[in-house]
Amino acid sequence: WTPGADLPAGLMDTIDAVVNMAGATTGKIPWTAEYKKEIVNSRILSTRTFVRAINAANKKPKVLVSGSASGIYGDAGARVLTENDPRGKGFLADLASAWEAEASKVDSSVRLVLARTTMVMSRKLGALGRLLPLLKLGVGGALGSGKQWWAWISQVDEAAAIIHLINSPEAAGPFNLTAPEPATCGQIIDALAKQLNRPALIKVPAFALNLLIGEAAKELLLCSQKMTSTKLESTGFKFKHPDLESAARWVVKG
């Protein structure tokens, strides 16, 4: 199956919940014009396919959890971001907005949850895939000023939050999937380095990131997003890794 192709007729008639987080990674750099198109199409076309299949079903699923991202807020500095904040500016903001708009075409009888995913802290690859090896060698450090806010969540809590939202009948609309404890880029790197017993002294200046990575550096690494998990917590969700120290320890030591 490829994004945009129709799903088998009647498939949705037997399904209670649909989760679609499909999308080409934004971590592949540089963002060429061709790859940006792939990033967009992989999200919009897959969502369109699922929505079309759901809307055509005789017996529709009860809930659709559709992917979105923190990028929808753009660079927001130190402002605390709730789900009611307006869309920001930039490629990722436009992408997430279009992604959510496509999901919103689902039949009104289906509960729609928009999972605004942040940086997922994982033991394998993921958002930390290129950073952890450097920290293990003791040659890592803050990116740019290190003062930009990085919204984050552990992989365990990301998966648990999605399951929780599926099983919470009153949960609908956008949800920030982010840990309760906000942290800057520098704080996250320091926490990981501490668990690794390595220094994190070699900073990478913003101009170098912009020169080497271009647009992706500005929107992924130097962008500041201080998101709140208040709405998610109000549904009764409990984090296994609510603070940065416990998440960093899990990533490094298990």
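Summary table
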item	result
Cα Rg, Dmax (largest Cα-Cα span) when computed across segment 74-129, Å	14.2, 40
Heavy-atom accessible surface of the chain: percent carbon and sulfur, 1.4 Å	57 percent
Kirkwood Rh, Cα atoms: Rg over Rh of segment 54-158	1.07
Where K226, K238 fall by accessible area, highest first, once all protein chains stay in place (1.4 Å)	K238, K226
Sum of side-chain charges, N20 neighbourhood, beta-carbon under 11 Å (Lys, Arg +1; Asp, Glu -1)	+1
Neighbour cut-off at most 12 other Cβ (10 Å), DSSP loop, trypsin sites (Lys or Arg not before Pro), segment 1-62	K28, K59
Model label zone, A9; criterion: amide N under 18 Å from point 7 Å along Cα-to-beta-carbon; scope segment 27-54	50, 52-54
Which of L212, L196 is most accessible, then next, and so on - probe 1.4 Å	L212, L196
Alpha carbon Rg of the chain, scaled by the compact-globule rule 2.2 N^0.38 Å	1.03
Average accessible area per residue (Å²) across the chain - probe 1.4 Å, nucleic acids and ligands excluded	49 Å²
Extension reserve of the K253-A101 stretch, reckoned as 0.36 nm per residue once the Cα distance is removed	50.7 nm
Segment 87-102 - phi-based ³J(HN,Hα) in whole Hz, Karplus 6.51/-1.76/1.60, Gly and Pro as x	5, x, 10, x, 4, 5, 5, 4, 4, 5, 5, 5, 4, 5, 5, 5
Long-range HN-HN contacts of A69 with modeled amide H, under 5 Å	T117
Phi to ³J(HN,Hα) by Karplus 6.51 cos²θ - 1.76 cosθ + 1.60 over segment 24-39, Hz, x for Gly, Pro	4, 4, 7, x, 7, 10, x, 7, 6, 4, 5, 6, 4, 4, 5, 4
Radius 14 Å from Cβ of V106, net charge of other residues (Lys, Arg +1; Asp, Glu -1)	+3
Entries in K28/K203; K36/K226; K37/K89; K105/K218; K37/K59 that, when Cα-Cα distance is taken, lie over 29 Å	K105/K218; K37/K59
Rounded to the nearest 10 Å², the accessible area of V204 at probe 1.4 Å	50 Å²
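The values are calculated or read from the model by the stated rules, or taken from the named source; none is laboratory data. From a predicted model like this one, the values you see are computed outputs, not experimental measurements. Note that we place each Cβ from the backbone using ideal geometry, even for glycine, and neighbour counts take in every protein chain shown. All accessible areas refer to the heavy atoms of the entire protein, side chains included, with ligands and DNA or RNA removed. Shrake-Rupley method; radii C 1.70, N 1.55, O 1.52, S 1.80 Å.
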